[in-house]
Structure formats: structure tokens, C-alpha cells
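The values are calculated or read from the model by the stated rules, or taken from the named source; none is laboratory data. Since the model is a prediction, treat every value here as computed from it, not as a measurement. Cβ sites come from the backbone with ideal geometry, for glycine too, and all protein chains shown count toward neighbours. Side chains included, ligands, DNA and RNA excluded: accessible areas come from the protein's heavy atoms. Shrake-Rupley method; radii C 1.70, N 1.55, O 1.52, S 1.80 Å.
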Amino acid sequence: MTPEIRISIAQQTLTLWSGSRCTGTWPVSTALKGAGNQFGSNQTPLGQHRIRACIGAGAPLGAVFVGRRPTGEIHSRELAQRYPHRDWILTRILWLCGEEKGVNRGGNVDSQRRYIYIHGTPDTEPMGVPLSHGCVRMRNQDVTVLFDLVGPGTRVRIEP
């Protein structure tokens, strides 16, 4: 059975389903500015998506990505102090693509062109609290587990 991801902004959770069976639930952090699909809004887009690409297979926990490419750095307190304004994308990236034309696909609502990901974040960042710039943040350990259970084409539903 093909897995499906459901993300609840209200509950700040990501749940993996296989048919009608829940196979895992993890806390997440969605956008500080709430839900919204507009380019430049820094909000988490709603609606039906799918995973376009899975990036970072085999990378160590805390591996830093910029522009979807590993920098060779591993996140640390010292690195965070050196780059205090960096939006840390760590460990794994699940790049989302909207499926609903005019809602999260095409024009100025395109989730893929907004670079909306499910990705790892520093362990110092709280989960269950909306703080991201639009992406769905997960603990590094959790995103590695999820990464190994899904693949390109996996459906992702983001709900208010």
C-alpha cells in the first residue's frame, strides 16, 4: 500500500498513513505566520501535494543544506553563532510539489517554486510550535525515519 502523509497545522503534527492504518506520528513546526499559499508570504501552503524529490540520503544527522546541496558542514552551536540569521535546513529534504492548480500549483501559489520542504532543523528548535518560514520542520532523527519510509510521488496533505 502506498504511504500518505497528513500534516495538521492546528495540531503541529505529521502523520504517516498506509491505507487506513496510522504507521507513525511526529511533532512538527510549521510557519510562524500561519497557513497560506502566496509566494513571499512565509506561510505553510495548504492542500494536496506530493513529494517531488528526496534529498540527502546517507547524509549524517545535522548535515547542513543550502540550495538543496550539502555544504559539508554539520550543525553545531558554534556554527549557529557564526551564522545567526541562517534558516537551517538539516539532515534530509522532502521537496513538495502542489497538486491543485491555482491553489498550490502554478502562478504565485506554486509550492515547488516557493521551495516548500519537510526538513530537519536544529535540535534546539521547539516542535509543536509554529516557527518556520513556511516549511515543515522536523527533528533530525524523525525526518530520517520518515525519509526511509516514503519516496518521490508520496502524497502529502496539509490541513489547517
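For the range 84-136, the Stokes-Einstein estimate of translational diffusion at 25 °C and a viscosity of 0.890 mPa s comes to 201 µm²/s, using the Kirkwood hydrodynamic radius over alpha-carbon pairs.
Candidates 91, 136, 49 compared by Cα position along the dipole of the chain: farthest toward the positive end lies 49, with charges placed on Cβ.
Entry note, the chain: the mean residue ellipticity at 222 nm calculated from DSSP H runs of n ≥ 4, each adding -39500 (n - 2.57), is -2500 deg cm²/dmol after division by the residues and rounding to the nearest 500.
Using a Gaussian network model of the chain in which every pair of alpha carbons under 10 angstrom is joined by a spring, one finds that among 19, 36, 56 the greatest mean-square fluctuation is at 19. Suppose the Debye formula is applied to equal point scatterers at every Cα of the range 121-160; what is log10 I(q)/I(0) at q = 0.22 Å⁻¹? The Cα Debye sum returns log10 ratios of -0.89.
Of the residues 68, 21, 50, the one that moves most in a GNM of the chain with alpha-carbon contacts below 10 Å is 21.
Rounded to the nearest 20, the size of the Cβ-charge dipole of the range 52-160 about its Cα centre is 300 debye, with Lys and Arg at +1 and Asp and Glu at -1. Rounded to the nearest 5, the antiparallel percentage of DSSP beta bridges internal to the range 47-111 is 90%.
Seen against the Cα atoms of the chain and their longest principal axis, helix 140-149 is set at about 40 degrees.
Report in % the part of the accessible area of the chain that belongs to carbon and sulfur, leaving out ligands and nucleic acids; probe 1.4 Å. Don't skip to the answer; put the middle values down first.
Values: 4010 of 7860 Å².
Answer for the chain is 51 percent, counting heavy atoms of protein chains only.
The local environment of residue 132, defined by Cβ-Cβ distances under 11 Å, has a net charge of 0 under the rule Lys, Arg +1 and Asp, Glu -1. When the charge dipole of the range 10-94 is built from unit charges on Cβ atoms (+1 for Lys and Arg, -1 for Asp and Glu) and taken about the Cα centre, the candidate among 36, 63, 11 whose Cα reaches farthest toward its positive end is 36. Result for the chain in a Gaussian network model with C-alpha springs under 10 Å: among 91, 13, 71, the largest mean-square fluctuation is at 71.
Placing a label point 7 Å from the Cα of residue 115 along the Cα-to-Cβ direction, the residues of the range 56-77 whose backbone N falls under 11 Å from that point are 65-69. By the scheme Lys and Arg +1, Asp and Glu -1, what is the net charge of all other residues having a beta-carbon under 13 Å from that of residue 148? Value of the local net charge: 0.
With both residues required to sit in the chain, DSSP beta bridges show an antiparallel share near 75%.
How high is the relative contact order of the range 1-134? Use alpha-carbon pairs under 8 Å, at least six apart in sequence, and give a whole percent. With pairs under 8 Å counted, the relative contact order is 29 percent. With the Kirkwood sum run over all distinct C-alpha pairs, the range 36-160 has a hydrodynamic radius of 14.7 Å. In angstrom, the C-alpha Rg and Dmax of the range 9-87 are 15.8, 46.
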